[in-house]
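See below for the structure under consideration.
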Amino acid sequence: MPSEFQEALPVLEKIKEAGFEAYFVGGSVRDALLNRPIHDVDIASSAYPEEIKTIFHRTVDVGIEHGTVLVLEGQGEYEITTFRTEDVYVDYRRPSQVSFVRSLEEDLKRRDFTINALALDQNGEIVDLFNGLADMKNRTLRAVGVAAERFNEDALRIMRGFRFQAGLDFDLEELTFQAMADCAPLLEKISVERIFIEFDKLLMSPFWRKGLESLIKAAAYDFLPDMKDSAEALQELLDSLEEEFRFSSSEQAWAALLLALRVKDVRKFLKHWKTSNEFQKRVNQLVAVYEIRQERSLSKRDCYQYDLDLILQAESLRQAAGLPVEFEAIEATHAALTIHDKHEIVVTGSHLIRDYGFKPGPELGQILTKIELAIVDGELANSKEEIMNFIKEQVG
Ligand code: ATP
Ligand code: MG
């Protein structure tokens, strides 16, 4: 049993001593069996949240309406969720109601894929009610129960399916894939934020090609924001980047996606995906840099205006696309800049107003911008004297 579970054993034991059942469940059990690194160790229990809170002293209500209590025990933090079923999916998204139950089987039944529906008890015994171990051995993703029903209940599972494929390099069992394709229209009912998280994880995964290929095959793109009829563009994304390439950041992945889709208004597209302003800004800049590089080398001004990190990410996309790259030249231009930020200019607007009788307003703004660009271009030294001479020349 991996050390993450060993450390959490006292938690299971305490729950059992209090007369309830408790198991490790979900992603950590799957990942341990696949010899992959484990993140959060989740525990499922027959104890209700109020009962968990009487067993442990240090607890936090993180999602009590879903039956989840966070327990702080030893060095660790563990989410303990009461066995539950999710009934009445009225609108193909989150269950309208969760019911707490006392049976592990009921809880495992509502999980998405068989490899995610394994439980592990305190003796290291696996509870495998849906042949998850066999599917794991065959590297297969299979829905728990009747696939079409499961994707009808919650269409997010469709995106999760592609995402797990991309993360694990598993194949989709045939009926599971067919049901994902059939239910794909229901993705329109799912919150965009939740779909973004899954799609983003897909793109960032080692086997992103595999997940994306399935998504294309299922025509699921037709039901994602602003991606109708994008089969060819997505195929181009796959074909244009070298086989081994992996995206190094979400912004790089989405920039590549948007470039392949030939999206004109990057911010509008990402707004429809409900991403943060900061994310929109960075992807927009990465796309802009990439487009400049399709025309020419980067100037000093480009290196000044854009984050070096974004520029290098754009360059590595070029590299993956088999285009010529200029990493060294870019780094050198950036390093040779006399200023990297306008706050480094030794003369400021308030200087000019206070000591030289300038008036606040657009004219002052214009002259400051001229100064900034002249310094960046290397035509003006960043010294008080030179800048004052420059102003005199400009103002006449
Ligand atoms: P990751 O390693 O990315 O966290 P995970 O399998 O742990 O993957 P989570 O989203 O953390 O995924 O969910 C934990 C578990 O809860 C899953 O393994 C699965 O059993 C169950 N689960 C999560 N989301 C759903 C869903 N939409 N439908 C059914 N079961 C789900
Ligand atoms: Mg998880």
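So, in segment 341-396, of the ones that are among the acidic types (Asp, Glu) and under 26 Å from Asp307 (Cα atoms), which residue ends up surrounded by the most Cβ atoms within 10 Å (Cβ to Cβ)? Walk me through it before giving the result.
First, the residues of segment 341-396 that are among the acidic types (Asp, Glu): 341, 344, 355, 363, 372, 377, 379, 385-386, 393.
Those still in the list that are under 26 Å from Asp307 (Cα atoms) too: 341, 344, 372, 377, 379.
Details: Asp341: 9, Glu344: 12, Glu372: 19, Asp377: 13, Glu379: 9.
Ranking the qualifying residues of segment 341-396, first place goes to Glu372.
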Legend entry - In segment 143-171, residue nearest to Leu133 (Cα to Cα) [restricted to those that are aliphatic (A, V, I, L, M) and under 22 Å from the mean Cα position of the chain (by Cα)]: Leu168
Legend entry - Answer from Phe130, Phe177 - the residue that is within 15 Å of ligand 1 (Cβ to nearest atom), touching a helix residue (DSSP H, G or I) at 6+ places or on another chain (Cβ under 9 Å) and either modelled with pLDDT of 95 or more or closer than 23 Å to Arg84 by Cβ (or both): Phe130
Inset, instruction - May I ask you to verify whether Thr85 is modelled with pLDDT of 95 or more and either touching a Lys or Arg at 6+ places or on another chain (Cβ under 7 Å) or within 16 Å of ligand 2 (Cβ to nearest atom) (or both)? - result: no
Inset, instruction - Would you mind finding the one in Phe151, Phe177 that is outside the structural domain of Asn35 (by the TED database), outside any loop (DSSP other than H, G, I, E, B) and in contact with a Cys (Cβ under 7 Å, 6 or more places away or on another chain)? - result: Phe151
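Go through segment 304-328 and count every residue that is in a helix (DSSP H, G or I), touching a residue at least 24 places away in the same chain (Cβ under 8 Å) and over 23 Å from Trp254 (Cβ atoms).
Restricting attention to segment 304-328, the residues satisfying the condition of being in a helix (DSSP H, G or I) are 304-305, 308-320, 327-328.
Those left that are additionally touching a residue at least 24 places away in the same chain (Cβ under 8 Å): 304, 308, 310, 313-314, 316-318, 320.
In the following step, the residues that additionally are over 23 Å from Trp254 (Cβ atoms) were identified as 304.
So the answer is 1.
The rows are residues; the columns are (1) within 14 Å of ligand 2 (Cβ to nearest atom); (2) part of a loop (DSSP other than H, G, I, E, B); (3) touching a strand residue (DSSP E or B) at 6+ places or on another chain (Cβ under 7 Å); (4) without any contact (Cβ under 8 Å) to a residue 60 or more places away in the chain.
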residue	(1), (2), (3), (4)
Val29	yes, no, yes, no
Pro37	yes, yes, no, yes
Ala47	no, yes, yes, yes
Glu50	no, no, no, yes
Glu65	no, no, no, yes
Inset, instruction - Within segment 17-27, track down each residue that is touching a residue at least 60 places away in the same chain (Cβ under 8 Å), in contact with a strand residue (DSSP E or B) (Cβ under 6 Å, 6 or more places away or on another chain) and more than 13 Å from ligand 2 (Cβ to nearest atom). - result: Ala22, Tyr23
Legend entry - Pairs, first of a type in the set (D, E, K, R) in segment 270-291, second outside any helix (DSSP H, G or I) and at pLDDT 95 or above, C-beta under 8 Å, six or more apart: Arg282/Asp307
Legend entry - Some residue of segment 52-62 being within 16 Å of ligand 2 (Cβ to nearest atom) and either more than 28 Å from Ile190 (Cα to Cα) or not in a helix (DSSP H, G or I) (or both): yes
Inset, instruction - Would you mind telling me which numbered condition in (1) within 11 Å of ligand 1 (Cβ to nearest atom); (2) touching a Gly at 6+ places or on another chain (Cβ under 6 Å) Ser28 fails? - result: (2)
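The values are calculated or read from the model by the stated rules, or taken from the named source; none is laboratory data. Computed from a predicted model, the values in this text were never measured in an experiment. Heads up, the Cβs are rebuilt from the backbone with ideal geometry, glycines too, and the neighbour counts pull from every protein chain shown.
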